[in-house]
Amino acid sequence: MGEYTKDTAGPFLKFTNCLPKGVDYEWSGSVLYLTKGEEPSMVLRDVDGPDEPGKGKDGTIRVGAPTRLDTVLGWSFWRFDFTRMLSERQRAVQYVVTTEKGASSSATFWLQAKGQPFHWGYTSCNGISGSIAQDHYSREDPTYLWRDMLQVHDAFPLHALVGGGDQVYSDPVWKVDLFEEWGEMPRLSDKIDAKWTSAHEDAATEFYLKNYLESFTMEHVSTAYASIPGIMIWDDHDIWDGFGSYSPNLQKCEFFQGLFKVAKRFYLLFQLQATEEFARKSGEFLEEAEGFHSVKFMGPQIALLCMDMRSKRSKEKILPDKTYGLIEKALDSMPDDVEHMVALSGVPVVFPSIPLSESILTGMKALFKKSTCLRAMGKSAGILDRFEQPEILDDLLDGWAASVHAYEKQKFVQLLQKSAAKKQYRVTILSGDAHVGGFGEVYSRAKPRPQKEKDPLFMYQIICSAIMNSPPPSGVVSTLTRTNFSKVIDAKSKQKMMKAFGQYHNPTEKLLAQRNWCDVAMYMPPYAPPANPKDPYFGGLRFSLRSEVPHAKKGYAEEVYDIVTPRFPKAT
């Protein structure tokens, strides 16, 4: 990515919600636009939309004055809020943002028809790890799958695009001189006691601003962000690798918290188009929750539970206890029209684990801690990271599969199953993070095992990662596949990864080590063949993993894998 040199950035389009208003449905969203100070203006051209006061003969509607969210290093962040009423057919809406100096940016997005489910996309891991070689195919063509998405969008418009975490890779923050100096301090106690200064604040601000500008304005990525309304949650790389899963003394130290505060500021500005104060007043997020959690409706049939699993993350807890009660309350208030509830989890809930690896690495950490000489050797050999723990230990502790999260995972799964039974909708878990694709399932332990469509405890989990980053080495994927077995969650449920890639790969493979993104639609025409409405899969939710085969490129996703979640039993 090259350095961003323009005087404006954007537009970036965000989906806020789609809610009933009388007998109609009101779509709400916002546009973020950055300038070097001057206030921009915005107009909509909604030719096929319903008549309304102020609408010109050519369909032009002037949007109200924007809110200046923040000013950072000469950049002003402007947010335009607007609404549209849905009509009987899906339709295109154009918008144009103009500055006083004559700069102009335009894009077109699509609104779904009234009462119809959205067609939407999901991505994660939109960046490339520093360890990936410069001549690796992922660096040579980073936006290959973004182009595939835009081709799909041109043929069958996407009404929303979900970013499931790691929309930016902020790990290079530790290469900034001041932070590199902190990482090279000889003793962990010195790092924990280090003060966060205004110089650190300035360096972090400059880094995160630049990183977001370069990431969000990449060719093809910027086109998607301007023309497909976005929904985003964050994960560790949006902050830095492993944030939330380090030891409490590190997580709570002044230096970590100072850097996290800056990362959060830019997450709010770029991904949520908000500030903390704006978010509190907007009504978009769950009140009293610790973090930024929300529920989105993608048509009356589909609800999206967007969970913030980073803001209050700790080594022991993925979500605070209080948050579970607030999420349950939000799920209890779901409208009766909802048939599918998709829960966004930044890290996979169902995923293989390497036996004993967590215990071995934790033991290594304790051993290194006892000896200054061993710590020095571990660092020079690359065994220990700058935080004086074994490399990849944060990755093992970060996931739901870690032993420290076993009880909380039970609690989380039971919450989703309880909600499904109470509200009579099917729950699906959608996650990223792992840099592989995969399909997992949670199912009843009853004997004989009930069919999926008749099992009220059944949930699919889709792992979709990464749209840009490179997959892990084949040896790692093979080891994970060999160690994957069905596992007990609680007295009623089990979990396992599925053999889903036999069409093009070894029939036993359960993880897809190829870049991918996910296309999602209800399983009904035009996204499925005609079927009998009594079929439990008619009106199910279809998830298509669209993946790249790097050495056999056709100019679009070379492999596609579909899975359809059945409707909840009572609805069949």
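The values are calculated or read from the model by the stated rules, or taken from the named source; none is laboratory data. This structure is a prediction, so every number in the text was calculated from the model and none was measured. Note: ideal-geometry Cβ built from the backbone for every residue, glycine included; neighbour counts use all protein chains shown. Surface areas here come from the heavy atoms of the whole protein model, side chains and all, with no ligands, DNA or RNA. Shrake-Rupley method; radii C 1.70, N 1.55, O 1.52, S 1.80 Å.
Regarding S131, is this residue out of contact with any strand residue (DSSP E or B) (no Cβ under 8 Å at 6 or more places or on another chain), of a type in the set (G, A, S) and assigned to a loop (DSSP other than H, G, I, E, B)? Yes, satisfied.
Kindly provide the set of residues from region 310-339 that are in a loop (DSSP other than H, G, I, E, B), open to solvent by 30 Å² or more (accessible area, probe 1.4 Å) and within 19 Å of E408 (Cβ to Cβ), ordered by number. The answer is K312, S314, K315, E316, K317. Annotation: of all residues in region 42-59 being of a type outside the set (A, V, I, L, M) and open to solvent by less than 50 Å² (accessible area, probe 1.4 Å), the one that is farthest from M85 (Cα to Cα) is G56.
None of K494, K510 is over 20 Å from the mean Cα position of the chain (by Cα) and over 28 Å from R139 (Cβ atoms) except K494. Listed by first and then second residue, the pairs linking a residue in region 409-437 that is touching a residue at least 24 places away in the same chain (Cβ under 8 Å) and on the phi > 0 side of the Ramachandran plot to a residue that is of a type in the set (D, E) and crowded, with 23+ Cβ neighbours inside 10 Å, with Cβ atoms under 6 Å apart and 6 or more places separating them unless they lie on different chains, are D433/D235.
Here's the yes/no breakdown for (1) within 30 Å of F297 (Cα to Cα); (2) not in a loop (DSSP other than H, G, I, E, B):
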position: F118; (1), (2): yes, no
position: R147; (1), (2): yes, yes
position: V152; (1), (2): yes, yes
position: K191; (1), (2): no, yes
position: A203; (1), (2): no, yes
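If the condition is being among the aliphatic types (A, V, I, L, M) and in contact with a strand residue (DSSP E or B) (Cβ under 8 Å, 6 or more places away or on another chain), then region 1-46 contributes A9, L13, L19, V31, L32, L34, M42, V43, L44.
To keep it simple, each residue is scored yes or no on (1) more than 22 Å from the chain's Cα centre (by Cα); (2) not aliphatic (A, V, I, L, M).
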residue	(1), (2)
Q116	yes, yes
I128	no, no
D154	yes, yes
P157	no, yes
G163	no, yes
K175	yes, yes
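Scanning region 62-101 for residues that are farther than 25 Å from A279 by Cα, β-branched (V, I, T) and more than 27 Å from the chain's Cα centre (by Cα) yields V96, T98, T99. A single member of R567, R546 is in contact (Cβ under 8 Å) with a residue 24 or more places away in the chain, surrounded by 14 or more Cβ atoms within 10 Å (Cβ to Cβ), assigned to a strand (DSSP E or B) and not aliphatic (A, V, I, L, M), and it is R546. V262 falls short of the stated requirement of being in a loop (DSSP other than H, G, I, E, B) and among the aliphatic types (A, V, I, L, M).
Strands (runs of 3 or more DSSP E) fully within region 15-98 that include at least 2 residues being within 23 Å of K281 (Cα to Cα) and without any contact (Cβ under 8 Å) to a residue 40 or more places away in the chain: 67-72. Contact map, region 131-150: residues that are farther than 18 Å from H551 by Cβ paired with residues that are polar (S, T, N, Q) and open to solvent by 50 Å² or more (accessible area, probe 1.4 Å), Cβ distance under 7 Å, separation 6+ or inter-chain. Pairs shown: L150/T223.
Please tell me if V560 is β-branched (V, I, T) and surrounded by 21 or more Cβ atoms within 10 Å (Cβ to Cβ). In short, no. Does I462 meet the test of being part of a loop (DSSP other than H, G, I, E, B), open to solvent by less than 10 Å² (accessible area, probe 1.4 Å), β-branched (V, I, T) and modelled with pLDDT of 95 or more? Against the criterion (part of a loop (DSSP other than H, G, I, E, B), open to solvent by less than 10 Å² (accessible area, probe 1.4 Å), β-branched (V, I, T) and modelled with pLDDT of 95 or more), I462 does not qualify. Residues in region 60-80 that are small (G, A, S) and within 16 Å of T8 (Cα to Cα) were compared, and the one that is surrounded by the fewest Cβ atoms within 10 Å (Cβ to Cβ) is G74. Scanning region 428-459 for residues that are of a type in the set (D, E, K, R), open to solvent by 40 Å² or more (accessible area, probe 1.4 Å), in a loop (DSSP other than H, G, I, E, B) and under 14 Å from Q495 (Cα atoms) yields R445, R449.
Restricting attention to region 491-531 and to residues that are over 17 Å from P352 (Cα atoms) and among the charged types (D, E, K, R), the residue that is most open to solvent (accessible area, probe 1.4 Å) turns out to be K492. Restricting attention to region 223-281, which residues are touching a His at 6+ places or on another chain (Cβ under 7 Å) and surrounded by fewer than 21 Cβ atoms within 10 Å (Cβ to Cβ)? If the condition is that a residue be touching a His at 6+ places or on another chain (Cβ under 7 Å) and surrounded by fewer than 21 Cβ atoms within 10 Å (Cβ to Cβ), then G258 is the only one that fits. Of the candidates A194, A204, the single residue that is hydrophobic (A, V, I, L, M, F, W, C) and crowded, with 20+ Cβ neighbours inside 10 Å is A204.
Kindly evaluate K296 against the criterion of being basic (K, R) and either at pLDDT 95 or above or farther than 29 Å from L259 by Cα (or both). Here the answer is yes, as K296 does meet what is asked.
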